[in-house]
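Every read-out reported here was derived from the displayed coordinates using simple, explicitly stated rules and does not represent laboratory data. Computed from a predicted structure; not experimentally measured. When we count neighbours, we look across all protein chains shown, and the Cβ atoms used for this are built from the backbone with ideal geometry, even at glycine.
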Amino acid sequence: MEQEKELSKLGTQPVGKLLITTGLPMILSMVLQAVYNIVDSAFVSNIEGYGEAAFNALTLAFPVQMLMVAISIGTGVGMGALLSKSLGQNDSEKVNYTAGNAEFLAIVIYAVFVLFGFFGVDFYLHTQTDSAEIIDMAADYLTICCTMSIGIVFFAVFEKLLQATGRSLFSTIAQMAGAITNIVLDPIMIYGLLGCPQLGVKGAAYATVIGQIVSMTVGLIFHIKLNKEVTNGIKYLKPSAKIIGRIYSIGLPAIIAQALMSVMTYGMNIILNTVSTGCVTAYGLYYKIQQFFLFAAFGMRDAITPVISFAHGMGSKKRITDGIKYGMIFTLVIMAAGMIIIECLAYPLAGIFSLSGETLDLCIEAMRIVSLSFVFAGANIAFQGIFQAVDSGMPSLIVSVCRQLLFVLPVAWGFALLVTGGAVGTWILWTTFIIAEGVSALISVLFMVRIYKKKIA
């Protein structure tokens, strides 16, 4: 009865209320995901003697961490949307094979990152810097995070399984358990407290992966105990090309959307390094601060997708249009609030990290300019969730490429040439993001008009 009640909410509860009740736990879960990176950075930046170098090391490792999150969560998003639609169609066998194939994919993803941790880390880091000190610290951190990434990969599957069946609260509890573990262990392992050896950057990595494993374990327990509409078994792990194809037809845009964040950050690190190391540090710090708001918008997007997908499976035009309306409103409110907070609190937020005066000024400059793009970014993120829910993955993919690649790296590269040539100040570098998000938002609107006419109206 409880399972039927949870599922009936997806089809009967007013859509605005449903997005709030399912979205808030997802938002909290995604924000807690951002905690892992920013907490590590805050603690290592205050290591006596080499804090700023350690912070730079984590900045260089950050794109790979983002890639792990992108592939894991994107796979989970695709699985969750397909599973929600199958539940709406009362196809229990498809539900079971969708969950089992997602677990199979998690095994494959983990194996790939283990191999990268052993064989790819050094080459990757040498493409971004020549500093032996920073490379050594970044290699220590990244190797641990990759070879012990089982927690982050499998938690993404269990999290989306719980969210797809309307049990977002329990996925949030699992995420909180890991985040709290990370926060508690960070100072102990980094600084060598309570009898633990002082591990520095390695300590930050160990605290992170232990926290992720805690989240995975709690998420697995909740899935087994609560998701009774999903039958678990070895036979459902057998890979199905059809189901895997459907998972990635929905989830690939989500993977690319977040993977492009990784590519963009990697490219920006290289471009900004041609201007100054301080610009790289400032961008890395700002990007981790803005993650709280971007990830909150991602949480709302991940609520939009199953709600509209379930309505799509039911064939309910009204619930689809309500999902679009309220999902867009809520996402824009989140990002507008983020813009106001960063504009008002730029200096104290940057002051959390132990940075030199020039780097601190660059960070504040970046925060106050880039945050002006937040409303455009919110619209793009909401549109991507809507597109994925109505089986329009290609428009979502195109928007991702535009806002995180096509209109970012070439523009930033051109502006960097102007700065190094002395024609203009560093402020112009940060306007890249306003241009990219604004143009992409216009493209998103054009896609939405077309999709509404063809698939909804």
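Listing for the model above:
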item	result
Most to least packed among 12-23, 398-409 [average Cβ atoms within 10 Å]	398-409, 12-23
Amide H contacts under 5 Å for residue 351, placed H, 5+ residues apart	none
Estimated vicinal HN-Hα couplings, Hz - the range 100-105 in sequence order (Karplus 6.51, -1.76, 1.60; Gly, Pro = x)	x, 5, 5, 5, 4, 4
Dipole of the chain, positive direction: furthest Cα of 218, 161, 203, with charges on the beta-carbon	161
Backbone HN-Hα couplings from phi across the range 256-264 [Karplus 6.51/-1.76/1.60, Hz, Gly and Pro as x]	5, 4, 8, 5, 5, 4, 5, 5, 4
Estimated vicinal HN-Hα couplings, Hz - the range 111-118 in sequence order (Karplus 6.51, -1.76, 1.60; Gly, Pro = x)	4, 5, 6, 4, 4, 5, x, 7
With Cα atoms, 0 to 90° folded angle of helix 168-191 axis to the chain main axis	20
Spin-label pair residue 417/residue 336, simplified geometry with 7 Å Cα→Cβ offset, distance in nm	3.9
Within the range 281-320: backbone nitrogen closer than 15 Å to the residue 89 label point (7 Å, Cα to C-beta)	309-316
Whole-angstrom gap from the range 352-383 to the range 129-156, using each part's C-alpha centre	25
Shape call, the range 159-311: gyration tensor on alpha carbons, a/c limit 1.5	oblate
Selection from 172, 401, 241 lying farthest towards where the dipole of the chain points positive, charges on Cβ	241
Nearby aspartates and glutamates by direct alpha-carbon distance to residue 202 (threshold 18 angstrom, same-chain neighbours under 8 apart not counted)	40, 48, 52, 122, 133, 136, 140, 186
Contact order normalised by residue count of the chain, Cα under 8 Å, 6+ apart, percent	23
Gyration tensor (alpha-carbon) shape descriptor, the range 250-404, a/c threshold 1.5	prolate
Peptides ranked, highest mean first, by Cβ atoms within 10 Å: ranges 445-457, 182-194, 326-338	326-338, 182-194, 445-457
Lys, Arg +1 and Asp, Glu -1 on Cβ, resulting dipole of the range 2-456 about Cα centre, debye, nearest 20	2260
Flagged links, alpha-carbon separation over 32 Å, of 242/453; 160/235; 238/288; 85/225; 228/454; 288/318	238/288; 228/454; 288/318
Alpha carbon centroid spacing (whole Å) that separates the range 386-422 from the range 55-90	19
